[in-house]
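Trainee: Sharing a structure here in structure tokens format.
The numbers here are math on the coordinates, done by the rules we state, and not lab data. Note that the coordinates shown come from a computational prediction; the quantities given were computed from them, not determined experimentally.
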Amino acid sequence: MKRSALGKGIAALIPEGTSLRPGTVTEVAIGEIRPNPLQPRRQFAAASLEELAASIREHGLLQPVVVSRSPAGGYELIAGERRWRASRLAGLERIPVVLRDAVPDADQLALALIENLQREDLTPIEEARAYHHLRAELGLAQEAIAARVGKDRSTVANALRLLQLPLSVQEMVDAGEPPAPSPG
């Protein structure tokens, strides 16, 4: 008997045995996927991941994650780490992916950053650190960073200024806590 597509997410629409060509949407074993070491997000709220995992258990994973083949074998995430983590929590063994050609580090970070910026849910410090990484590690100027992520140069410059704050204040901003007012 053919299984119902309801509650199975996008995986129900992917034919079994789909070849793994770049641009293909297919399923892969969740254990073959490694996180992106350039992921700008560092904060993954447990409650939020559990909510997403519950939704995935109920409806399946509706939007595939984006991966590229890793030279070490398996796949490396480009975009969708929250969905990947929540799918693991949900107990999925296989998840839908979009396979991309090998992506240079600068483009990989830019793609991960763009995905998060479009949803507006990176913390300001995470965004600033990602811009800093693009600038310091990959040699990109503020203008080049802005062009890659679709932001104004002034937005990038202002974000980078946050990294000049004391680490304790950065941690408060990262956690969504307002800094205490100055006495006086």
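Trainee: Using θ = phi - 60° and the Karplus curve 6.51 cos²θ - 1.76 cosθ + 1.60, what whole-Hz ³J(HN,Hα) does each residue of segment 131-136 get, with Gly and Pro shown as x?
Mentor: For segment 131-136, the Karplus-derived couplings read 4, 4, 4, 4, 6, 6 Hz, x marking Gly and Pro.
Trainee: Can you compute 3J(HN,Hα) from phi for each residue in segment 87-101, using the Karplus curve 6.51 cos²θ - 1.76 cosθ + 1.60 with θ = phi - 60°, rounded to whole Hz and x for Gly and Pro?
Mentor: 5, 5, 4, 6, x, 5, 9, 9, 9, x, 9, 9, 8, 10, 4
Trainee: Something else now. Under the Kirkwood approximation for Rh and a Cα-based Rg, what ratio Rg/Rh is obtained for segment 37-88?
Mentor: Taking Rh as the inverse mean 1/r over Cα pairs, Rg/Rh reads 1.00.
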